[in-house]
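Some notes on the structure that comes next.
The values are calculated or read from the model by the stated rules, or taken from the named source; none is laboratory data. Since this is a predicted model, take the numbers as computed values, not measurements. Here the Cβ is made from the backbone with ideal geometry for all residues, glycine too, and neighbour counts use every protein chain on show. Keep in mind that these areas ignore ligands, DNA and RNA; they rest on the heavy atoms of the full protein, side chains included. Shrake-Rupley method; radii C 1.70, N 1.55, O 1.52, S 1.80 Å.
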Amino acid sequence: QICNQHNAEALNLEQAFHRMAQTEPNLDHDISWFLLPSYWAKMVVALISFLCFANSYDGDFVFDDSEAIINNKDLRAETPLGDLWHHDFWGSKLSSNTSHKSYRPLTVLTFRINYLFAGGFYPIGFHVINIILHCTISVLMVDVFSILLGGLQFSNKGRRLNLAPKTSLLAALLFAVHPVHTECVAGIVGRADLLCALFFLLSFLGYCKAFRENKEGHNFSVFWVLMSVILGAIAMLCKEQGITVLGLNAVFDALVINKLNVLELIQKLLHKDKSLENAGLLRKGLLFRITLLMSGGASILYIRWRIMGTGPPAFTEVDNPASFADGLLVRAINYNYYYSLNAWLLLCPWWLCFDWSMGCIPLIKSVSDWRIIALAALWFCLIGLICQALCSEDSHKRRILTLGLGFLIIPFLPASNLFFRVGFVIAERVIYLPSIGYCILFTYGFSLLSKQAKKKKILAVAVLGILMINVMRCALRSSQWRSEEELFRSALSVCPLNAKVHYNVGKNLADKGNQSAAIKYYREAVRLNPKYVHAMNNLGNILKERNELQEAEELLSLAVQIQPDFAAAWMNLGIVQNSLRRFEEAEQSYWTAIKHRKKYPDCYYNLGRLYADLNRHIDALNAWRNATVLKPEHSLAWNNMIILLDNTGNLAQAEAVGREALELIPNDHSLMFSLANVLGKSQKYKESEALFLKAIKANPNAASYHGNLAVLYHRWGNLDLAKKHYEVSLKLDPMAPGTKENYNLLRRKLEQLQKKGG
């Protein structure tokens with residue numbers, strides 16, 4: 001019975017082809033490819049798209065995931081949901097001058113749901129959702145490509161007909177397995193692009209549904225036109241590119257529903273022809289629908305602008321060097337070169353990189369630069385395609401080429417630098433949607449070659465080979481996105497001149513404790529970009545820890561000279577100056593850091609340490625108190641307050657601070673240890689013992705914990721227990737200061753007691 005249903009569906013498709021052949025050419029007639037019923041075609045696309053990226057499911061949080069997810073307070077339950085509508089993608093207030101203005105509250109909401117269901121930052125759930133989204137989008141592409149390549153026709157029962165099942169399947173497979181999509185799928189932050197694409201496609205399909213009941217376009221559903229505007233708005237709330245679907249809906253309406261001949265229309269406008277109505281401009285409600293789309297889009301953009309609150313984000317030269325280049329011509333040449341590189345990534349997605357900034361692509365500063373050839377090639381191809389799209393006598397060809405170019409160019413416009421400066425050179429994620437246009441043009445080109453080729457099967461095998469290569473490339477690239485180490489190292493061969501790549505490799509090595517190797521990469525990052533203050537700061541930190549204080553100070557001083565508001569570098573400079581015993585300069589550096597970052601608990605902590613070294617105890621306590629006010633879980637600041645009060649004989653105040661700290665951080669064993677010492681000195685032996693034992697349970701290998709508990713028992717008169725913990729302490733650390741002397745005193749006392757007892 002199932003087989004009969006499939007055969008019947010295939011028969012209906014064949015009958016539809018014959019009907020279509022009588023009206024206009026059909027791409028499926030010319031290609032040798034698989035003909036599958038719609039259900040099976042979608043199953044195949046879903047399965048293959050899943051296989052491409054399945055190995056990324058258990059990857060880590062990498063690159064931008066740290067800022068957008070782990071460090072984003074908007075994901076946590078204690079942050080009110082309403083804050084999502086006033087914050088950017090990274091959790092900063094949109095009104096802040098430092099905000100990137102990337103307004104994607106619905107994407108952040110999905111991250112928050114992931115976090116709540118997982119009960120914490122467990123990346124598997126985040127990755128699985130991304131894979132499911134890409135599979136869903138790839139399945140929807142079968143329907144989208146069937147409309148774009150085969151036209152929009154409905155049966156008498158209002159069911160949409162797929163008049164190009166072969167080519168729509170091929171185009172959907174090309175989209176599903178394109179390696180340039182790896183960043184969106186394997187990188188969790190890429191969910192913004194995936195959600196945007198999902199609602200983008202739903203908006204387009206919804207717009208197509210507006211014509212389900214009409215035969216010639218005269219009747220349409222206003223509801224579905226408005227629904228497509230709403231879905232476009234939702235797409236934009238996932239990522240800014242989503243708004244471009246309204247422009248594409250208008251282009252589709254003009255070309256497919258109204259069968260508008262753009263060249264003919266332009267000619268009539270130029271000649272002021274009175275027969276414009278016959279040209280299709282006023283027929284079938286086109287103007288009314290475009291008015292709805294434009295007014296909806298304008299309203300969405302106005303609301304978006306009001307929410308943004310201030311002007312566009314401020315990017316630096318290293319983010320997008322071409323936009324800071326001197327001269328309009330130089331900027332234009334480099335922008336066009338970037339476009340050609342994006343086009344090349346679609347054609348040959350072999351060299352992929354997580355970041356293309358910071359010298360990865362040197363600026364073209366002269367027309368003698370051989371890279372000008374890439375611009376010429378790009379515009380030669382684009383002009384050729386545009387001429388064919390406008391001037392061809394074949395209406396079918398005009399429609400497909402124009403739609404292909406529309407889907408290639410229009411979604412890319414927000415990333416083109418034409419309307420505003422963007423914060424990147426090339427970003428593989430932004431060509432997720434434009435790749436739809438590439439797949440249309442590739443499939444159409446394949447059909448034209450098949451029409452001319454005598455051995456169509458050889459051509460089909462070649463395309464199948466491309467698909468298989470892309471599947472393998474996706475799997476390889478997905479594996480590189482599973483960890484930061486693999487991701488960063490994979491970029492070294494693609495962008496060896498990119499200072500940020502070397503910086504990230506160095507940072508990853510430093511986090512793993514390999515400081516010697518990290519220094520090498522940090523030095524290379526600074527060499528490639530002598531103004532790279534973050535690399536200087538991190539390199540200075542490592543040198544400080546290795547006691548190479550002179551070079552550390554030089555690097556950090558240069559960093560704050562280049563970027564005077566770099567608070568972290570000021571703080572680290574203060575730490576180095578403190579180590580060099582230049583206390584006044586250190587204090588000044590700390591206060592400069594706090595001036596540029598008022599809520600800086602770590603800087604207050606280090607300032608407190610400086611004051612403690614100078615015996616300015618009140619100032620030290622005030623600085624540490626400020627640190628704990630700004631960051632209540634700042635364990636080191638609490639601990640230092642307890643120890644300082646203990647050492648200065650303020651036991652009652654030390655006890656009060658210790659109890660306050662443990663209420664806020666109840667599982668911190670170092671705080672338990674410090675408070676236990678205070679309680680022991682106050683002769684509150686029972687409570688002190690309980691805290692020591694709790695601290696030892698949390699950290700059983702701390703020799704000082706056992707040693708101080710032994711001292712407590714020694715004072716308390718529990719000599720056997722004292723002996724036991726002295727021995728454990730000495731076993732863990734034979735050189736523990738004071739422990740051996742105390743143990744020897746205890747042994748002599750025990751020997752004396754034994755003699756008396758004897």
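Side notes on the structure shown:
For every residue, the table says whether it meets (1) of a type in the set (A, V, I, L, M, F, W, C); (2) in contact with a strand residue (DSSP E or B) (Cβ under 7 Å, 6 or more places away or on another chain); (3) modelled with pLDDT of 90 or more.
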residue: Leu385; (1), (2), (3): yes, no, yes
residue: Gly404; (1), (2), (3): no, no, yes
residue: Phe412; (1), (2), (3): yes, no, yes
residue: Arg421; (1), (2), (3): no, no, no
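- Whichever residue in the stretch 247-259 is open to solvent by 10 Å² or more (accessible area, probe 1.4 Å) and out of contact with any Lys or Arg (no Cβ under 9 Å at 6 or more places or on another chain) and, among such residues, is farthest from Phe89 (Cα to Cα): Ala254
- Glu183, sole failed condition from (1) of a type outside the set (A, V, I, L, M, F, W, C); (2) assigned to a loop (DSSP other than H, G, I, E, B); (3) within 16 Å of the chain's Cα centre (by Cα): (2)
- Put simply, of Val629, Val657 the only residue that is within 43 Å of the chain's Cα centre (by Cα) and either over 30 Å from Pro700 (Cα atoms) or not assigned by the TED database to the domain that holds Lys694 (or both) is Val629.
- Single condition Ser479 does not satisfy, out of (1) closer than 30 Å to Leu382 by Cβ; (2) in contact (Cβ under 8 Å) with a residue 60 or more places away in the chain: (1)
One line per residue, one yes/no per condition, for (1) at pLDDT 90 or above; (2) hydroxyl-bearing (Ser, Thr, Tyr); (3) outside any loop (DSSP other than H, G, I, E, B):
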| residue | (1), (2), (3) |
| --- | --- |
| Ala690 | yes, no, yes |
| Pro700 | yes, no, no |
| Tyr705 | yes, yes, yes |
| Leu709 | yes, no, yes |
| His714 | no, no, yes |
| Glu727 | no, no, yes |
| Pro734 | no, no, no |
| Lys740 | no, no, yes |
| Leu746 | no, no, yes |
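- Scanning the stretch 438-485 for residues that are within 23 Å of Ile131 (Cα to Cα), in a loop (DSSP other than H, G, I, E, B) and either at pLDDT below 90 or open to solvent by 50 Å² or more (accessible area, probe 1.4 Å) (or both) gives a single hit, Arg482.
- Within the stretch 416-437, being in contact with an Asp or Glu (Cβ under 6 Å, 6 or more places away or on another chain) and part of a helix (DSSP H, G or I) holds for Glu428, Arg429.
- Failed item in (1) of a type outside the set (A, V, I, L, M); (2) open to solvent by 60 Å² or more (accessible area, probe 1.4 Å); (3) closer than 18 Å to Ala676 by Cβ, with Arg748 passing the rest: (3)
- Any hit, the stretch 260-277, residues being in a helix (DSSP H, G or I), at pLDDT 90 or above and open to solvent by 50 Å² or more (accessible area, probe 1.4 Å): no
- Where Ile542 falls short, out of the listed (1) among the aliphatic types (A, V, I, L, M); (2) crowded, with 22+ Cβ neighbours inside 10 Å; (3) under 27 Å from Ala593 (Cβ atoms): (2)
- Of the set (1) touching a residue at least 60 places away in the same chain (Cβ under 8 Å); (2) among the acidic types (Asp, Glu); (3) open to solvent by 20 Å² or more (accessible area, probe 1.4 Å); (4) under 25 Å from Ala325 (Cα atoms), all apply to Asp369 but (1).
- Test for Arg489: is it closer than 30 Å to His178 by Cα and free of Cβ contacts under 8 Å to residues at least 40 places away in the same chain: yes
- Some residue of the stretch 387-396 being of a type in the set (S, T, N, Q), open to solvent by 40 Å² or more (accessible area, probe 1.4 Å) and touching a residue at least 60 places away in the same chain (Cβ under 8 Å): yes
- A single member of Ile137, Ile129 is within 28 Å of the chain's Cα centre (by Cα), in the same structural domain as Ile70 (by the TED database) and surrounded by 21 or more Cβ atoms within 10 Å (Cβ to Cβ), and it is Ile137.
- Of all the listed residues (Leu363, Leu405, Leu413), the sole one being in a helix (DSSP H, G or I) and either β-branched (Val, Ile, Thr) or open to solvent by 30 Å² or more (accessible area, probe 1.4 Å) (or both) is Leu413.
- Qualifying residue in the stretch 620-634 (condition: open to solvent by 30 Å² or more (accessible area, probe 1.4 Å) and over 30 Å from Lys73 (Cβ atoms)): no
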